[in-house]
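The values are calculated or read from the model by the stated rules, or taken from the named source; none is laboratory data. Note that the structure is predicted; figures quoted are calculated from it, not measured. Using ideal geometry, Cβ is built from the backbone for each residue, glycine included, and neighbour counts are taken over all protein chains shown. For the accessible areas, the whole protein counts, side chains as well, though only heavy atoms, and no ligand, DNA or RNA atoms are used. Shrake-Rupley method; radii C 1.70, N 1.55, O 1.52, S 1.80 Å.
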Amino acid sequence: MDVRRRPSKALRPAPKEPSSAPEPTGAKASDALPLPLYFTNALFFTLFFSVAYYLLLRWRDKIRNSVPLHVVTFSELAAILSLIASFIYLLGFFGIDFVQSFIARASNEAWDLVDEEEGEDHRHRLMVCSPSMADHRIQAVSSAEDEEIVDLVVKGTIPSYALEEQLGDCKRAVRIRREALQRITRRSLQGLPLDGFDYGSILKQCCEMPVGYVQIPVGVAGPLLLDSFEYIVPMATTEGCIVASTNRGFKGIYASGGATSTILRDGMTRAPVVRFPSASRACHLKFFLDNPSNFQTLADEFNKSSNFARLQGVQCSIAGKNLYMRFSCTTGDAMGMNMVSKGVENVLAYLRNEYPDMDIISISGNFCSDKKPAAINWIEGRGKSAVCEAVIKEEVLKKVFRTSVATLVELNMLKNLAGSAVAGALGGFNAHASNIVSAIFIATGQDPAQNVESSHCITMMEAVNDGKDLHISVTMPSIEVGTIGGGTQLASQSACLDLLGVKGASKELAGANSRLLAKIVAGSVLAGELSLMAAIASGQLVQSHMKYNRSTKDVSKVGS
């Protein structure tokens, strides 16, 4: 009999005493039947409907002849027993599929209702993955029963995404999902590591349906001398030369007395889009939001969502009868996307009472703008807007970078400024800011997709001190970082934040750690820009990549 037709051992409480002669893994319950399965099914089907028809005829005759129904003959008694026996057989054979499918649907609905919020409140609500979970979840069983669960996942009886909740063991769920995936795709995941990772730490927080984890090497560069403090910067990357080049930039900045940085703005944004019956009504709400006398009312509604979220302003844009409202607020040490979204929902609920004809289309209308290149982020800023500068001495340029002030100034003008303008760049007036931003983001648990706007940067170089020294600066208007929430709570990323001295929330001043991290990112980009531009100017770019990024060693076997 097919495994779908009987209760799975994985879905039943384990017996108190194991059988002395366990059933082989491949055995089926139907193997114990003395007759072929199709013959047995046909027999009970025929018996059930035959006796049912016979009893109906007998009861009809009794009603017509006014004979009590409880008075039964021997043949009627035998028919009733046969009916009960055949019904029990058919229920046991065909009822299991219905029960299992009902359980699967209930699990699906529960999964769809998972709350996607992040932050401090979310961390307290995370499910603890341990073998002592609720009784309805699958109990820890033997490897033979794991094999049966894998088979059920392959057949779709147990949803792959529900394994953690039903098993109560995150690593075991990953192992079973991984094996099921290999059987479905007929592809090996041998080179993808499984052991050595705490899968419970990502449950309902960082990644769904894991089957392993990817190894990315983390290098360190430094010290970065920034605002009179030294920092060792962790960088996660698979590209050669990035860490080495940034480290050379740090060396030159240190030898020249260090760099200084300033946070210009600090505010995360979210921009919902609403629609009105007419453009004039949309304009009416815009004028209401632009009126300074109404700001405090909006701020009171917005600030209810968090102890750290504080509304800074609202910027509106009209497109016909559609209104885009760009809310900006402080978010403490969190990156703050969910924090600002909660506040926006509060304001929209308030505005809905004042403007009942307002139709809320989306909590995000792309006027924010998140994870996309946008002029509004380049001009108005998003997250942390930072500028970092340093004066590199002439002797340092010659000794460390093997170039001159005049050469770098001309190269920067033709490459980073004029060349990017010819290309129609949006926020890309730099050599390779994205390389450094991405490496630090991955190492410290930031959202890698926000590298898009966080890498907006303009690099400026000019001769100072009678042309002897080089003034270099990077201006980055939208560095989106946080030191709490999301991937920052994972062990590896938390260790990298601790290395920088910005782990968790600042106890002295809310938001201080995330602002310092943004400064470190800007300082690292400054070093990377300086080193790469010097390498291009001196003709060292190709040679360095051939040295650090073109190994002929086959590491595939080592990785597997």
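Yes/no matrix, rows are residues, columns are (1) in a strand (DSSP E or B); (2) farther than 20 Å from His456 by Cβ; (3) without any contact (Cβ under 8 Å) to a residue 40 or more places away in the chain:
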residue: Met476; (1), (2), (3): yes, no, no
residue: Val481; (1), (2), (3): no, no, no
residue: Gln493; (1), (2), (3): no, yes, no
residue: Cys496; (1), (2), (3): no, yes, no
residue: Ala510; (1), (2), (3): no, yes, no
residue: Asn513; (1), (2), (3): no, yes, no
residue: Leu517; (1), (2), (3): no, no, no
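When Ala495, Ala518, Ala439 are checked against the criterion of being within 22 Å of Gly222 (Cβ to Cβ), open to solvent by 50 Å² or more (accessible area, probe 1.4 Å) and at pLDDT 95 or above, a single residue qualifies: Ala495.
From the list Leu194, Leu289, Leu189, the one residue that fits, being in a helix (DSSP H, G or I) and outside the structural domain of Ile442 (by the TED database), is Leu289.
With respect to Glu208, is the statement that it is surrounded by fewer than 19 Cβ atoms within 10 Å (Cβ to Cβ), touching a helix residue (DSSP H, G or I) at 6+ places or on another chain (Cβ under 9 Å) and within 15 Å of Ser524 (Cα to Cα) true? Step through it out loud before you land on a result.
Values: surrounded by fewer than 19 Cβ atoms within 10 Å (Cβ to Cβ): yes; touching a helix residue (DSSP H, G or I) at 6+ places or on another chain (Cβ under 9 Å): yes; within 15 Å of Ser524 (Cα to Cα): no.
The answer is no for Glu208.
If the condition is being part of a helix (DSSP H, G or I) and open to solvent by less than 10 Å² (accessible area, probe 1.4 Å), then the range 263-286 contributes Ala282, Leu285. Set side by side, the residues Ser305, Ser328 differ, and just one is of a type in the set (Gly, Ala, Ser), at pLDDT 95 or above and more than 30 Å from Glu395 (Cα to Cα), which is Ser328. Put simply, of Asp290, Asp357 the only residue that is among the charged types (D, E, K, R), modelled with pLDDT of 95 or more and in contact with a Pro (Cβ under 7 Å, 6 or more places away or on another chain) is Asp357. Within the set of pairs 6 or more residues apart or between chains, which connect a residue that is on the phi > 0 side of the Ramachandran plot inside the range 222-246 to a residue that is open to solvent by less than 50 Å² (accessible area, probe 1.4 Å) and assigned to a strand (DSSP E or B) with Cβ atoms less than 7 Å apart? That search, which allows pairs on different chains as well, returns Gly222/Tyr231; Gly222/Val233; Asp227/Ser261. Meeting the requirement of 1 or more residues that are of a type in the set (S, T, N, Q), open to solvent by 10 Å² or more (accessible area, probe 1.4 Å) and assigned by the TED database to the domain that holds Ile479, the helices (runs of 4 or more DSSP H) wholly within the range 324-421 are 405-412.
Listed here are the residues, each with its yes/no results for (1) assigned to a helix (DSSP H, G or I); (2) open to solvent by less than 100 Å² (accessible area, probe 1.4 Å); (3) at pLDDT below 50.
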residue	(1), (2), (3)
Pro18	no, no, yes
Leu35	no, yes, no
Tyr53	yes, no, no
Arg58	yes, yes, no
Leu69	no, yes, no
Glu76	yes, yes, no
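Scanning the range 442-460 for residues that are assigned to a helix (DSSP H, G or I), open to solvent by less than 30 Å² (accessible area, probe 1.4 Å) and touching a strand residue (DSSP E or B) at 6+ places or on another chain (Cβ under 6 Å) yields a count of 3. Residues in the range 143-184 that are outside any helix (DSSP H, G or I) and either within 22 Å of the chain's Cα centre (by Cα) or buried (at least 17 other Cβ atoms within 10 Å of the Cβ) (or both): 5 in all. Taking Leu311, is it more than 25 Å from Val481 (Cα to Cα), buried (at least 19 other Cβ atoms within 10 Å of the Cβ) and touching a helix residue (DSSP H, G or I) at 6+ places or on another chain (Cβ under 6 Å)? So Leu311 fails the test. Within the set Arg275, Arg281, the sole residue that is within 31 Å of the chain's Cα centre (by Cα) and at pLDDT 95 or above turns out to be Arg275. Of all residues in the range 222-262, those satisfying the criterion of being part of a strand (DSSP E or B) and open to solvent by less than 50 Å² (accessible area, probe 1.4 Å) are Gly222, Pro223, Leu224, Leu225, Leu226, Tyr231, Val233, Pro234, Met235, Ala236, Ala259, Ser261. The residue pairs whose first member lies in the range 146-158 and is under 12 Å from Arg172 (Cβ atoms), whose second member is buried (at least 16 other Cβ atoms within 10 Å of the Cβ) and of a type outside the set (Phe, Trp, Tyr), and whose beta carbons are closer than 7 Å, counting only pairs six or more residues apart or on different chains, are Asp146/Ile176; Ile149/Ala10; Ile149/Ile158; Ile149/Ile176; Val150/Ile176; Val150/Glu179; Val150/Ala180.
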